[in-house]
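Chemist: My questions all concern the structure below.
What follows draws every value from the coordinates through simple rules; no lab data is involved. Since the structure is predicted, the reported quantities are computational estimates derived from the model, not experimental observations. For neighbour counting, all protein chains shown are included, and Cβ atoms are generated from backbone atoms with ideal geometry for every residue, glycine included.
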Amino acid sequence: MNLFRSKEHVKRWSQFKPGTEAGMLSLADAMRVMSTPRHRNRLGTNYVSTLPETVPAFVARLLEVTGNSPFWDLRPG
Amino acid sequence: MNDATQLDETYHFILSVFVERGQAPHFTEIASKFAIPVEEGKRRLHELMAARLPNWLFPETDLIASFAPFNNLPTQYRVSVEGEQRWFAQCGLESLAMTWMFPGKRVTVNAPCLDCGEPLSVELLDGVIQRAEPRDIAFYVDLPIRKWYGNLPFA
């Protein structure tokens, strides 16, 4: 789970795995993934007990950002 | 007090200590915070770390290794708040979530690119990317998200 200077750098990386291109996100999309209540609300005093309520928005954001990519699909399949 | 409330309390305390000092508390500090016996503090820590959150202990210890978005062991993701570098992020993705730990403050993530070793830098304020250098920074993970919890430190 790393940051690179560009997607070209990702593909050049010695540990890049061909076939996992879906694992690349732009910085803006990565920020969107990390911006639902699942991550925004961590400082809340009831974060753990309310975590199940944050799952649907997180799953929806992942699918929205990645165009329904199976690589980013957390739903039981 | 029910278990859910205890988990909430312990989680909030650990995260708050990370925000304040950049390092995790020891379980004895959990015990002090809640005025409970030391062994109870240790139990609370282990109970929380077993709650299937992106947090883990150093193997075979009672020491927090990682507690998203923070890392208790230095990583390449150095995090500064208002110019002061005191924190490390768990990974590239969680480095972006650092912005939610410091509301109203300018958070900067500095790291080397793993391909070339050249620096990259992202500046965030309340969830908004203020600056990225270079502009085309990309995130990459080689494991589908459903498999992350199989071995979180290596996802």
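Chemist: With a cap of 12 neighbouring Cβ atoms within 10 Å, and only residues DSSP puts in a loop, list the trypsin sites (Lys or Arg not before Pro) found in the range B:18-64.
Modeler: In loop regions of the range B:18-64 (DSSP not H, G, I, E or B), the sparsely surrounded trypsin sites (Lys or Arg not before Pro) are B:ARG52.
Chemist: Something else about it: Can you give the charge dipole size of the protein assembly as shown about its Cα centre, rounded to the nearest 20 debye, using +1 on the beta carbon of Lys and Arg and -1 on the beta carbon of Asp and Glu?
Modeler: Computed about the Cα centre, the dipole is about 380 debye.
Chemist: Evaluated at 4 °C with a viscosity of 1.567 mPa s, what Stokes-Einstein diffusion coefficient in µm²/s does the range B:64-113 have when Rh comes from the Kirkwood expression over alpha-carbon pairs?
Modeler: 123 µm²/s
Chemist: Once each part is reduced to its C-alpha centroid, what is the distance from the range A:4-77 to the range B:50-83 in angstrom?
Modeler: 19 Å
Chemist: Please report the projected area of the range A:25-77's Cα convex hull averaged over all directions, in nm².
Modeler: For the range A:25-77, the mean projected area of the Cα convex hull comes to 3.9 nm².
Chemist: Determine the sum of side-chain charges near B:THR99: Lys and Arg each +1, Asp and Glu each -1, restricted to other residues whose C-beta is under 12 angstrom from that of B:THR99.
Modeler: Residues near B:THR99 contribute +1 overall.
Chemist: Among the lysines, which have Cα under 19 Å from the Cα of A:LYS17 when same-chain residues fewer than 8 positions away are ignored?
Modeler: Counting by Cα, and skipping residues close in sequence, A:LYS17 has these lysines nearby: A:LYS7, B:LYS147.
Chemist: Also, I was wondering about something else. Quick check for you: which residues of the range B:133-149 have the amide N under 15 Å from the point 7 Å beyond the Cα of B:GLN76 toward its beta carbon?
Modeler: From the range B:133-149, the list is B:134, B:137-142.
Chemist: Here is a follow-up. How would you classify the range B:3-67 from its alpha-carbon gyration tensor, with a ≥ b ≥ c the square roots of the eigenvalues: rounded for a/c under 1.5, else prolate if a/b is greater than b/c, otherwise oblate?
Modeler: rounded
Chemist: With angles folded into 0 to 90 degrees, how steeply does helix A:47-66 sit against the dominant principal axis of chain A? Use alpha carbons for both and round to 10.
Modeler: 40 degrees
Chemist: Could you work out [θ]222 nm for chain B from helices alone, using -39500 (n - 2.57) per DSSP H run of at least four and dividing by all its residues? Round to the nearest 500 deg cm²/dmol.
Modeler: Calculated at 222 nm, the ellipticity per residue is -9000 deg cm²/dmol.
Chemist: Using the 2.2 N^0.38 Å rule of thumb for compact globular proteins, work out how the protein assembly as shown stacks up: its C-alpha Rg over that value, please.
Modeler: Compared with the compact-globule rule of thumb, the protein assembly as shown sits at 1.01.
Chemist: Mind checking the log10 I(q)/I(0) for chain B at q = 0.10, 0.11 Å⁻¹? Debye, one equal scatterer per Cα, no solvent, two decimals.
Modeler: For the requested q values the scattering log ratios are -0.39, -0.47.
Chemist: Which of the lysines could be linked to B:LYS42 by a straight reach, that is with a Cα gap under 17 Å, when you skip same-chain ones fewer than 8 residues away?
Modeler: Within the straight-line limit of under 17 Å, B:LYS42 reaches these lysines: B:LYS33.
Chemist: Another question, if that's okay. Starting from the Cα of A:LYS11, draw a straight line to each of the aspartates and glutamates and keep only those under 14 Å, dropping any in the same chain fewer than 8 residues away.
Modeler: A:GLU21, B:ASP115, B:ASP136, B:ASP142
Chemist: Counting partner chain Cβ atoms within 10 Å of every residue's Cβ in B:98-106, what's the average?
Modeler: The shielding value for this peptide is 2.
Chemist: OK, next. What does the charge count near B:ASP115 come to, summing +1 for each Lys or Arg and -1 for each Asp or Glu among other residues with Cβ under 10 Å from its Cβ?
Modeler: +1
Chemist: Next up: Summing -39500 (n - 2.57) over the DSSP H runs of n ≥ 4 in chain A and dividing by its residue number, what mean residue ellipticity at 222 nm do you reach, to the nearest 500 deg cm²/dmol?
Modeler: Mean residue ellipticity at 222 nm (helix-derived): -13500 deg cm²/dmol.
Chemist: Once whole DSSP H runs in chain B are found, which of them have Cα atoms spread over 18 Å or more along the helix axis and a mean Kyte-Doolittle score of at least -0.5?
Modeler: Span-like helices in chain B: B:3-21.
Chemist: What net charge do the residues around A:ALA57 carry, taking every other residue with its C-beta under 12 Å from that of A:ALA57, with Lys and Arg at +1 and Asp and Glu at -1?
Modeler: +2
Chemist: Of the GluC sites (Glu not before Pro) in the range B:1-70, which ones lie in a loop per DSSP and count no more than 13 other C-beta atoms within 10 Å?
Modeler: Those satisfying the criteria are B:GLU60.
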